[in-house]
Each structure stands twice: as structure tokens, then as C-alpha cells.
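A quick write-up on the structure given underneath.
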Amino acid sequence: MTQDERLWTIVALVAVAIVFAVTAMLAAQKRARLRQAELKQHFGPEYDRALEELGTPARAERELAQRTKRVDHFHFHDLSAVDRKAFSDSWHAIQEKFVDEPVVAVTSANELINQVMRARGYPVEHFEQRVADLSVEHPNVIQHYRAANELSRSVHNGTVDTEQLRQALVHYRMLFADLLQAAAPVPLDYRRAHAS
């Protein structure tokens, strides 16, 4: 093989390598866009919140993927008709109690949410972990849970604002209704979406 032939062979191999590298890069970018679109669609406003908190799409997506992976290991249960009725009756009693004892009603609403979560198969750890876990299967109402928690802090801060407590109860009701109506979730397969 002559010097020129070797040079042209090297140039051809480099050109092929560049084409493969560009193709691989474009395919990776396409997978990333698809993963981002899938996560945005599933998590809705929670995706935007994670992005705002964490600063970059990669960090937000990593956080949401970690939440999903954690929740995939939970053993969810459908609520029986008897459980649904009991929880629903408890909710109605809490709402009736609000008129005379708003603080007790809001505190009871929070505890009822925890009871429904336990019955469904969610661990009930500290508040931020509950929010992260719930955000995977209930992303469209999780902001209500955060708002209820924030509003009900007036009880813990020693100030009792009945209007804030009423709003907290309304926010708790949004999550409560979603938890009560939901069937046991089918695990989401984000492993495919996160494959490199």
C-alpha cells in the first residue's frame, strides 16, 4: 500500500468515525428529548418545580427518576369498597367538625391522609419524603398537599387563622379524593426512558 493509499484510508476511517459519532450524538439527544417530554407529561407541574429547585433539566430528571425508582419498589394496594366508605365517612366527619373545631379538623385531615397512604401501601415518613413519593403517582394534586401543609402551619406557629385552616382543608381534600379514587398504580417503566 502506498503512502497516498494509507493516507486516504486513514481519512476514510476518520470520516466514518465522525459520521458514527455524530449519529450517536444525535440519537442521544433525541432520547434525551423524548425522556424529557415523557417526564414532563407524567409529572406535569412537578417537573417544572423540580427544574426550578434543581436548576438544570438533567438534575431535575435525575431527581424525578430516583423518585420513580423508589416508588417502583412499593407494594401498592387497591382500597376495598369497605375501606373507601370508612375513609369517606371519616372525611365527612372531619368536615362537619371544622365548624366548631377547625384546628382539630385540619389536624385530623392530615392524619387521615396518612392513614389512606398507609392503606394504599405508601410509607409514611417525614413530610418531604411523602411529597416526593406521592408526586410519582399523584403529580397533579401534590401541590395541594404542599399548600395544605404550609397553610396548616399557622396552628404550629401559635396563630390560628380560620380562613387559612379552611383553605388547608380544601387542599387536603384534593389529595384525599385522588388517593381514594386511584387504583393501585402500574409501575412506570422509566428505566427504558433513561437508558443511555
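The values are calculated or read from the model by the stated rules, or taken from the named source; none is laboratory data. What you see is a predicted model, and the numbers here were worked out from it, not measured in a lab. Glycine gets a Cβ as well: all are built from the backbone with ideal geometry, and neighbour counts include every protein chain shown.
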Failed condition for Thr56, given (1) surrounded by 16 or more Cβ atoms within 10 Å (Cβ to Cβ); (2) more than 24 Å from His144 (Cα to Cα); (3) modelled with pLDDT of 90 or more, with all others met? (1)
Which of the following residues is at pLDDT below 90, of a type in the set (Lys, Arg), in a helix (DSSP H, G or I) and touching a helix residue (DSSP H, G or I) at 6+ places or on another chain (Cβ under 7 Å): Arg35, Arg67, Arg31? Arg35
Considering Val141, Val136, Val106, which residue is closer than 30 Å to Glu38 by Cβ and in contact with a Ser or Thr (Cβ under 6 Å, 6 or more places away or on another chain)? Val136
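Looking at this structure, is Phe43 aromatic (Phe, Trp, Tyr) and without any contact (Cβ under 8 Å) to a residue 60 or more places away in the chain?
Values: aromatic (Phe, Trp, Tyr): yes; without any contact (Cβ under 8 Å) to a residue 60 or more places away in the chain: no.
When the stated conditions are applied, Phe43 does not pass them.
Every residue, every condition in (1) farther than 24 Å from Gly44 by Cβ; (2) of a type in the set (Asp, Glu); (3) buried (at least 19 other Cβ atoms within 10 Å of the Cβ), yes or no:
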| position | (1), (2), (3) |
| --- | --- |
| Lys97 | yes, no, no |
| Ser108 | yes, no, yes |
| Glu111 | yes, yes, no |
| Glu163 | yes, yes, no |
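Kindly state which helices (runs of 4 or more DSSP H) lie completely within region 113-194 and contain at least 2 residues that are at pLDDT 90 or above and among the aromatic types (Phe, Trp, Tyr).
On the way: elements: 127-137, 142-156, 162-181, 190-193.
It comes to 162-181.
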Within region 113-143, residues being surrounded by fewer than 17 Cβ atoms within 10 Å (Cβ to Cβ), under 13 Å from the mean Cα position of the chain (by Cα) and in contact (Cβ under 8 Å) with a residue 40 or more places away in the chain number 1
Based on this model, can you work out whether Arg146 counts as without any contact (Cβ under 8 Å) to a residue 60 or more places away in the chain and either over 15 Å from Phe74 (Cα atoms) or not polar (S, T, N, Q) (or both)? yes
Would it be correct to say that Phe20 is in a helix (DSSP H, G or I) and loosely packed, with under 14 Cβ neighbours inside 10 Å? yes
Could you list, ordered by first residue, the pairs with Cβ atoms under 7 Å in which the first is in region 72-101 and small (Gly, Ala, Ser) and the second is surrounded by 11 or more Cβ atoms within 10 Å (Cβ to Cβ) and in a helix (DSSP H, G or I), at least 6 apart or interchain? Ser88/Leu180; Ser90/Leu112
Whether any residue in region 4-25 is touching a residue at least 12 places away in the same chain (Cβ under 8 Å) and farther than 21 Å from Asp178 by Cα is what I want to check. no
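Any idea how many residues of region 90-108 are in a helix (DSSP H, G or I) and farther than 16 Å from Asp161 by Cβ? If you could, list the steps in order and put the result at the bottom.
Step one: of region 90-108, the residues in a helix (DSSP H, G or I) are 90-98, 102-108.
With farther than 16 Å from Asp161 by Cβ added as a condition, the list becomes 90-97, 108.
Final tally of qualifying residues: 9.
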